[in-house]
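Below is one structure, written out as structure tokens; comments come after it.
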Amino acid sequence: MFDIGVNLTSSQFSSDRDEVVTRARTAGVHGMLLTGTNRHESEEAQRLAERFELCWSTAGVHPHDSSSWSPEVADAIYTLVNKPEVVAVGECGLDFNRNFSTPAEQETAFSAQLAMAAELGMPVFLHCRDAHDRFFALLEPWLDHLPGAVLHCFTGTRDELQACLDHGLFIGITGWVCDERRGLELREMLPMIPANRLLLETDAPYLLPRDMTPKPASRRNEPAFVPHILTRVAQWRGEEAQWLEAVTDNNARQLFNIDF
């Protein structure tokens, strides 16, 4: 299994980061993509990917942090994405739900990162929340110039999912789908996603699957729990978990051009 979304730089992992990686390995997680969300977190994610075997990272600026975008930050991200551990530009995109950065700041940072990815021939690791129309208005002109893209942690509507698929995006599914309160609509949409466009992720330490038994003592999510997500997703798609694991692993290899 490959977890495409691990926030291993989070302070929630400060006291036991090595043990978290070990538990993931023991659980059958063959590789992890560590998420970079701003300059500092991207630099730290790259260092961790260099340190831990079979880990890679992204480098970019999340829409929440778009107000930090500057020529200096752009240069730092450009330097990072040329390192061998870094296999995607992002997490980047738009988030009009909270607007921690203004929409204009978000659009500037997003467009700049799409241009960078196109220049370097790298895939993009995308975020979109409450910004679907504007997100695609900015993304669509670049798609023919990118080797691939994944919309990480998809929680949108049926129409939004169809638009993502029509535009050739991979879809990242998290433990949100295991939530009996908020995940039912997404659960029903799972069969819409072609198997060769599906990727799995925990988004750890966030989005702990609510249906785990026994429930973990902590509410912190870990990459060791991606097998639970795989099992549930396979069940709701009517597929064998072992088969789906092989397909989603191959999707990760294809999108990020990695070997594990």
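Summary table below
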| item | result |
| --- | --- |
| Estimated inter-spin distance, Glu119 and Leu165, nm [label 7 Å along Cα→Cβ] | 3.6 nm |
| Where labels lie 7 Å past Cα in the beta-carbon direction, separation of Glu185 and Thr26 in nm | 3.9 nm |
| Anisotropy class of the range 88-167 from Cα gyration tensor, a/c 1.5 cut | oblate |
| Added length on full extension, which subtracts the Cα-Cα distance from 0.36 nm per residue, Lys83 to Ala137 | 16.4 nm |
| Which of Pro205, Gly148, Leu244, positive extreme of dipole for the range 127-260 (C-beta unit charges) | Pro205 |
| Cα-based equivalent ellipsoid of the range 122-216: semi-axis lengths in Å, sorted from largest, via gyration tensor | 25, 14, 12 |
| Average accessible area per residue (Å²) across the range 124-211 - probe 1.4 Å, nucleic acids and ligands excluded | 42 Å² |
| Solvent exposure ordering (accessible area, 1.4 Å, most first) of His132, His30, His62, His40 | His40, His30, His132, His62 |
| The chain: translational diffusion in µm²/s, Stokes-Einstein, Kirkwood Rh over Cα pairs, 4 °C, 1.567 mPa s | 72 µm²/s |
| Listed residues Arg197, Arg23 arranged by accessible area, highest first, probe 1.4 Å | Arg23, Arg197 |
| FRET E, pair Ser11, Ser67, Förster distance 25 Å, beta-carbon r, rounded to 0.05 | 0.75 |
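The values are calculated or read from the model by the stated rules, or taken from the named source; none is laboratory data. In this text, all values refer to a predicted model and were calculated from it rather than measured experimentally. Note that we place each Cβ from the backbone using ideal geometry, even for glycine, and neighbour counts take in every protein chain shown. Areas reflect the complete protein model, heavy atoms only, side chains present, ligands, DNA and RNA absent. Shrake-Rupley method; radii C 1.70, N 1.55, O 1.52, S 1.80 Å.
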